[in-house]
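*Asks:* Structure in structure tokens, see below.
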Amino acid sequence: MSNDVPNDSALAPWQQGAHRNAAELADMLGVSPDHYAADPLALLPALHHYVSRLPLGEFEQSDWITLHTDLTSYLGDVLVRRHGARWVRVDDSSSPAGHRFFTEATGADGEVHRVEPYDVVMEEFENLPIEISRMIANAEAVLRVGPPGPRS
């Protein structure tokens, strides 16, 4: 992998799309936009219930892609909104697109760490049943961030 792409024209639409997709998922599952905006973890119970009832054994490839996109969007949005992470695009010649999207944040150790939400979700698919809170905790561990403090 090489360095970040500065002023990347693909990054802003990716960030906006991830947030919009996560907010639409919340709305679909009955979490109001205001409630989701105040705390994206407000979606956690409804999303867990929704995912736990999916007939994963009957999924076709398009169903897996949709679920993967939804969970990647949500995970990235949680990291951005709760931990001050930011999306970054990194060139990667091994990727079909030629790049990958990561979130990065400053960890409790003062260092900047990156995690690729796409990979975290894929790992979750390989370790069924899907546990949304485990997925979030795994990403937080890679970024070395903990739960944010109380809101004032």
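The values are calculated or read from the model by the stated rules, or taken from the named source; none is laboratory data. Since the structure is predicted, the reported quantities are computational estimates derived from the model, not experimental observations. We place every Cβ from the backbone using ideal geometry, glycine too, and count neighbours over all the protein chains shown.
*Asks:* When you check GLY57 against the structure, is it part of a loop (DSSP other than H, G, I, E, B), more than 27 Å from GLY146 (Cβ to Cβ) and of a type in the set (Gly, Ala, Ser), yes or no? Give the derivation first.
*Replies:* Working: part of a loop (DSSP other than H, G, I, E, B): no; more than 27 Å from GLY146 (Cβ to Cβ): yes; of a type in the set (Gly, Ala, Ser): yes.
No; evaluated as a whole, the condition is false for this residue.
*Asks:* Which of the residues that make up the range 93-139 are surrounded by fewer than 15 Cβ atoms within 10 Å (Cβ to Cβ), in a loop (DSSP other than H, G, I, E, B) and not hydroxyl-bearing (Ser, Thr, Tyr)?
*Replies:* Answer for the range 93-139, where residues must be surrounded by fewer than 15 Cβ atoms within 10 Å (Cβ to Cβ), in a loop (DSSP other than H, G, I, E, B) and not hydroxyl-bearing (Ser, Thr, Tyr): PRO96, ALA97, GLY98, ALA108, ASP109, GLY110, GLU111, GLU126, ASN127, LEU128, PRO129.
*Asks:* If you don't mind, there's one more thing I want to ask. State whether one or more residues within the range 123-133 are within 19 Å of ALA26 (Cα to Cα), modelled with pLDDT of 95 or more, under 18 Å from the mean Cα position of the chain (by Cα) and among the charged types (D, E, K, R).
*Replies:* Yes.
*Asks:* Give me the pairs: first residue in the range 122-145 and within 15 Å of SER52 (Cα to Cα), second residue of a type in the set (Val, Ile, Thr) and in a loop (DSSP other than H, G, I, E, B), beta-carbon distance under 8 Å, and six or more apart or on different chains, which are they?
*Replies:* If the second residue must be of a type in the set (Val, Ile, Thr) and in a loop (DSSP other than H, G, I, E, B), the pairs left are GLU124/ILE130.
*Asks:* Could I ask something else about it? I need the full set of residues from the range 54-106 which are among the polar types (S, T, N, Q) and at pLDDT below 95, in order please. It would help to see each step written out before you state the result.
*Replies:* Our first condition is that a residue be among the polar types (S, T, N, Q); within the range 54-106, this holds for 61-62, 66, 69, 72-73, 93-95, 103, 106.
Result: SER93, SER94, SER95.
*Asks:* Turning to a different aspect of this structure: Here are some conditions: (1) touching a strand residue (DSSP E or B) at 6+ places or on another chain (Cβ under 9 Å); (2) within 19 Å of ASN21 (Cβ to Cβ). ALA105 meets all but one. Which one does it not meet?
*Replies:* The single condition ALA105 does not satisfy is (2).
*Asks:* Still on this structure, I have one more. Looking at LEU44, LEU67 in this structure, which one is part of a helix (DSSP H, G or I), touching a residue at least 60 places away in the same chain (Cβ under 8 Å) and surrounded by 13 or more Cβ atoms within 10 Å (Cβ to Cβ)?
*Replies:* That would be LEU44, the only listed residue that is part of a helix (DSSP H, G or I), touching a residue at least 60 places away in the same chain (Cβ under 8 Å) and surrounded by 13 or more Cβ atoms within 10 Å (Cβ to Cβ).
*Asks:* Taking the range 108-117 as the region of interest, how many residues are out of contact with any Phe, Trp or Tyr (no Cβ under 7 Å at 6 or more places or on another chain) and within 23 Å of ILE65 (Cα to Cα)? Before you say what the answer is, go through the steps one by one.
*Replies:* Going residue by residue through the range 108-117, those that are out of contact with any Phe, Trp or Tyr (no Cβ under 7 Å at 6 or more places or on another chain) are 108-113, 117.
Now restrict to residues that are within 23 Å of ILE65 (Cα to Cα): 117.
Here the count works out to 1.
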